[in-house]
Amino acid sequence: MTLMKFSEIENHLKKFRVGIAGAGGLGSNCAASLARTGVGTLVIADFDIIEQSNLSRQYYFINQIGMMKTAALKENLVHIRPEIYVVAHQVKLNRKNITPIFAGCHVIVEALDKAEMKEMLLKTVLKELPGIPLIIGSGLAGWGKTDILKFRKIDETLFVCGDELSESSEESPPLAPRVGIVANMQANTVVEILMKQI
């Protein structure tokens, strides 16, 4: 890691475009960290609306209940960093729209809830957008066990953050502390990748 002032880091990161698939616990918190770090453009895709239960771990507020997550997140990110450019897609991702939505992104963050959606995104990005790094979130339910949360580089374009074990359920819900740690591991991985690019 090269030592740099924040203004230099910010000036470098503002050139880049990062895609975020999902605006729930991982996606909304990762987006907030990337906005604070200085990433210039975020492309966010999600079809869901904010519910009361989301406030326990997602980067939204009580007055935003009922809003589309993408619209509310864009609003929140602009409050953090007015100059950020947020491209919000209020859609459910599928094999046909992933490529046009995320083409041109320098990195893509996977922040989806369901295993089949994660798999679809992974396969589509690897096939249709080869060479674009993809950062997956896997294993973040419950509390404690911070020592087993980890970053793993699978190859030059595929990374995993989380414990890769803890599955979310009603008896083992995703809670803000572990969700936040994994979301920030994903954001940190984005920054690490982008700081190596010219």
The residue from Thr146, Thr157 that alone is of a type in the set (S, T, N, Q) and within 17 Å of the chain's Cα centre (by Cα) is Thr157
Segment 154-185: number of residues that are touching a strand residue (DSSP E or B) at 6+ places or on another chain (Cβ under 7 Å), surrounded by fewer than 16 Cβ atoms within 10 Å (Cβ to Cβ) and more than 21 Å from Ile20 (Cβ to Cβ) | 1
Which of the residues that make up segment 84-129 are closer than 21 Å to Phe16 by Cα, touching a residue at least 40 places away in the same chain (Cβ under 8 Å) and among the charged types (D, E, K, R)?
-> Glu110
The condition of being in a helix (DSSP H, G or I) and within 21 Å of Leu134 (Cβ to Cβ) holds, among Leu26, Leu42, Leu93, only for Leu26
Does segment 173-192 include one or more residues that are over 17 Å from the mean Cα position of the chain (by Cα) and at pLDDT below 95?
-> yes
Within segment 36-72, residues within 21 Å of Ile181 (Cα to Cα) and surrounded by fewer than 24 Cβ atoms within 10 Å (Cβ to Cβ) come out as Arg36, Thr37, Gly38, Ser53, Asn54, Leu55, Ser56, Arg57, Tyr60, Phe61
Is it true that some residue in segment 133-150 is closer than 17 Å to Val190 by Cα, in a loop (DSSP other than H, G, I, E, B) and in contact (Cβ under 8 Å) with a residue 60 or more places away in the chain?
-> yes
List the number of the failed condition for Gly104; all other conditions in (1) outside any loop (DSSP other than H, G, I, E, B); (2) of a type outside the set (Ser, Thr, Tyr); (3) at positive phi hold.
-> (1)
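The values are calculated or read from the model by the stated rules, or taken from the named source; none is laboratory data. Because the structure is predicted, anything quoted here is derived from the model rather than measured. A quick note on method: Cβ atoms are made from the backbone with ideal geometry, for glycine too, and the neighbour counts reach across all protein chains shown.
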